[in-house]
1. Would you say residue A:165 is open to solvent by less than 50 Å² (accessible area, probe 1.4 Å), out of contact with any strand residue (DSSP E or B) (no Cβ under 7 Å at 6 or more places or on another chain), modelled with pLDDT of 85 or more and not aromatic (Phe, Trp, Tyr)?
2. Just to check your reading of the model, which residue among A:200, A:204 is surrounded by fewer than 24 Cβ atoms within 10 Å (Cβ to Cβ) and under 30 Å from residue B:121 (Cβ atoms)?
3. Of the residues in the stretch B:268-295, how many are in contact (Cβ under 8 Å) with a residue 40 or more places away in the chain and either more than 19 Å from residue A:117 (Cβ to Cβ) or outside any helix (DSSP H, G or I) (or both)?
4. Restricted to the stretch B:68-87, and to residues that are free of Cβ contacts under 8 Å to residues at least 60 places away in the same chain and of a type outside the set (Ser, Thr, Tyr), which residue is nearest to residue B:225 (Cα to Cα)?
5. Pick from A:54, A:61: which is away from every other protein chain (no Cβ under 14 Å) and touching a Phe, Trp or Tyr at 6+ places or on another chain (Cβ under 7 Å)?
6. Of the residues B:115, B:61, B:89, only one is of a type outside the set (Lys, Arg) and farther than 19 Å from residue A:241 by Cβ; which?
7. Report, by residue number, each residue of the stretch A:273-295 that is assigned to a helix (DSSP H, G or I) and either open to solvent by less than 20 Å² (accessible area, probe 1.4 Å) or touching a residue at least 12 places away in the same chain (Cβ under 8 Å) (or both).
8. Conditions first: (1) under 26 Å from residue B:232 (Cβ atoms); (2) surrounded by 12 or more Cβ atoms within 10 Å (Cβ to Cβ). Residue B:196 passes all but one, so which condition is the exception?
Amino acid sequence: MITLNITISGLFQQILVGLSRTTILFIVSSGMSLVLGVLRIPNVFHGSLYMIGAFLAYSFANFLGGSITGFWLALILAPLGVAFISFIVERGVFCRLYEREHLMLLLFTFAFMLVFGDLVKLIWGSDYRSLNAPAVLQGSFSIFGLPFPRYNLFLLVIGPLVAFGLWFLTNKTKIGKISRAAAVDREMVGAVGINVSWVFAFVFIIGCFLAGLGGALVAPTQNITQGMDHSIIIEAFLIVIIGGLGNIWGALLGALIFGLTDSIGILVWPQFAIVFPYIAVVTVLIFRPKGLLKSVW
Amino acid sequence: MFKGLINRFSFSFLIGFTILFLILPHFLPRFYIYFFSLIFVTGLLATSLNMVLGYGGMYQFHHAVFYGVGAYTFALMLIKTNLSPIFAFIAAPIASAIIGLIMGLICVRLSKLYFGMLQISLGSLVWAIVFRWYSFTGGDNGIHGIPIPSIISSTSKAYYFTFIITLISLIVMYMIVNSPFGRIFQAIRDNPERSEAIGVNVKRHQLIGLVIAAFFGGIAGTLFVVVEGSVFPDLMFWTFSLEILIMCLLGGWFTFLGPFLGASIIVTLRTVIGIYTEYWTLVLGIILMLLIFFLPEGVLGYFTEKYKGRFKTPIVNKE
């Protein structure tokens with residue numbers, strides 16, 4: 001069953017594949033972590049937004065004629081569409097529920113996940129969709145004699161950019177600093193005359209934007225289908241937990257652990273590759289139940 | 001044995017329901033018999049979750065694992081071994097209880113949300129193994145056409161079997177929550193610090209509660225196989241766990257029979273709405289949202305609160 005014929009170049013290739021997977025996981029789970037850290041909502045429909053992001057990217061790209069500019073525009077418009085949906089949901093419903101118990105919030109977001117899942121089925125049908133990357137990013141080039149898709153390299157560039165952007169937003173801008181303060185003590189932030197409700201809305205929208213961005217970015221690499229939401233949400237959730245709730249760097253670390261154990265697991269024991277990340281998560285949580293990095297809670 | 005646990009009103013109620021459900025299969029078409037069996041199974045599952053959720057105040061986020069482990073153990077014992085089916089019936093809940101014990105030993109040192117999240121990750125690990133182990137569990141296809149012993153294999157025989165086991169399990173669970181252990185369990189839910197201070201071993205009680213709930217979850221899993229004749233990994237997927245949580249919430253988790261009612265409502269809705277439209281989760285989602293807004297105590301919880309003075313039912317109250 002276990003055949004260990006791992007070559008160095010094969011390992012290197014799998015690490016690169018794992019890192020591009022990490023990029024997607026990081027983008028999605030950092031958004032979740034942000035929402036969890038500041039708003040204290042375990043947002044289950046984050047995965048639905050990821051799925052909607054992928055479907056929107058497909059629709060926008062097709063609507064804009066499938067040209068190169070169409071693809072780039074879709075990559076920007078799809079997350080914006082998701083952010084708009086989240087804006088409506090937050091202002092319409094969530095801003096009334098912040099004081100409820102976590103369990104209630106969890107179930108409430110789950111209700112949204114059910115609704116969004118069926119709405120996607122209603123709008124896009126239950127067929128597979130696929131989106132082609134523009135010609136520049138298609139094809140692959142060889143690393144140590146093994147092919148590596150160009151699109152994955154593009155993802156490896158995007159990942160650090162998003163991480164830098166998030167760091168800049170939370171540490172260098174005023175609204176970022178306010179939201180970090182609100183994560184620690186929301187009443188105090190309100191007491192100094194800041195409208196906490198709108199700060200929350202802002203953070204929620206940024207988090208959901210990231211979910212949509214992750215979905216739009218993943219669209220060219222896999223089939224866009226129903227059920228994408230179910231698999232990504234549990235992964236993002238576990239990444240956020242092992243990283244430390246609300247800690248963006250924790251989300252990066254967690255995504256690295258998850259992405260790399262998955263891709264190296266394929267080399268070691270392909271049949272059980274999906275088991276490896278879960279083993280890693282459980283191991284981390286047994287020794288550090290509150291996550292690897294400091295949680296903001 | 002029942003002295004003080006149950007009054008005359010609810011006792012006659014119980015007897016009435018038992019007779020009703022025992023004669024029911026003679027008047028109903030086969031589909032409805034199957035449908036009622038499914039309600040019993042799901043109701044038992046939801047009630048077993050509520051043992052720890054409503055009475056223990058523990059965030060049991062991945063209860064479906066115990067259900068799935070029970071179902072798979074039963075199915076695999078029937079297929080892979082030549083032992084008498086009795087052993088399969090005994091082994092399935094015990095396997096669930098053992099998984100519950102292992103998960104409990106790891107989880108109980110944490111509380112609330114962290115407890116729930118560690119449980120989700122452990123449960124996902126179990127799910128991932130079952131999902132991929134094609135040679136043993138059938139992987140994502142599951143196992144179909146399980147050879148159920150012929151004395152309970154027909155629809156109405158499965159119905160009677162499910163009904164009797166569910167009834168016995170419910171009575172045992174009712175006795176447990178009203179036993180001294182159950183009282184301590186509720187005290188821990190209401191105030192863990194104070195319970196600790198008066199000398200209660202909080203973690204051990206929580207562990208025992210979890211194992212008991214896992215055991216009954218395993219029984220529900222066994223019954224599911226008897227009714228359905230197949231197992232598949234979705235039985236222990238995390239979305240199903242949240243669905244069971246919803247059943248508890250819908251019926252009201254501060255009442256004993258609330259989760260059972262919630263499970264009946266959900267199963268009925270799925271069957272009835274499923275006839276007209278494939279978008280039944282949309283309807284479920286909307287119902288759930290309305291519920292959280294307007295009836296956070298659940299249906300039965302709401303009525304118990306409202307008619308508190310009128311019926312002296314022995315339903316356990318919130319505080």
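1. Numbers: open to solvent by less than 50 Å² (accessible area, probe 1.4 Å): yes; out of contact with any strand residue (DSSP E or B) (no Cβ under 7 Å at 6 or more places or on another chain): yes; modelled with pLDDT of 85 or more: yes; not aromatic (Phe, Trp, Tyr): yes.
Answer is yes for this residue.
2. On the way: A:204 fails: surrounded by fewer than 24 Cβ atoms within 10 Å (Cβ to Cβ).
Checking each option against the conditions leaves just A:200.
3. Of the stretch B:268-295, the ones in contact (Cβ under 8 Å) with a residue 40 or more places away in the chain are B:268, B:271, B:288, B:291-292.
The next check asks that each one be either more than 19 Å from residue A:117 (Cβ to Cβ) or outside any helix (DSSP H, G or I) (or both); those that pass are B:268, B:271.
The total comes to 2.
4. Narrowing the stretch B:68-87 to residues free of Cβ contacts under 8 Å to residues at least 60 places away in the same chain: B:77, B:80-84, B:86-87.
Pick out the ones that are also of a type outside the set (Ser, Thr, Tyr) and you get B:77, B:80, B:82-83, B:86-87.
Details: B:77: 12, B:80: 15, B:82: 18, B:83: 17, B:86: 14, B:87: 15 Å.
Applying the filter and picking the extreme gives B:77.
5. Working: A:54 fails: touching a Phe, Trp or Tyr at 6+ places or on another chain (Cβ under 7 Å).
Every option except A:61 fails the conditions.
6. Of the residues listed, the single one that is of a type outside the set (Lys, Arg) and farther than 19 Å from residue A:241 by Cβ is B:89.
7. The initial filter retains those residues of the stretch A:273-295 that are assigned to a helix (DSSP H, G or I), namely A:275-287.
Scanning the stretch A:273-295 gives A:275, A:276, A:277, A:278, A:279, A:280, A:281, A:282, A:284, A:285.
8. Of everything listed in (1) under 26 Å from residue B:232 (Cβ atoms); (2) surrounded by 12 or more Cβ atoms within 10 Å (Cβ to Cβ), residue B:196 misses just condition (1).
The values are calculated or read from the model by the stated rules, or taken from the named source; none is laboratory data. Everything quoted here is computed from the prediction, not taken from an experiment. When we count neighbours, we look across all protein chains shown, and the Cβ atoms used for this are built from the backbone with ideal geometry, even at glycine. What goes into the accessible areas is simple: the full protein's heavy atoms, side chains included, and nothing from ligands, DNA or RNA. Shrake-Rupley method; radii C 1.70, N 1.55, O 1.52, S 1.80 Å.
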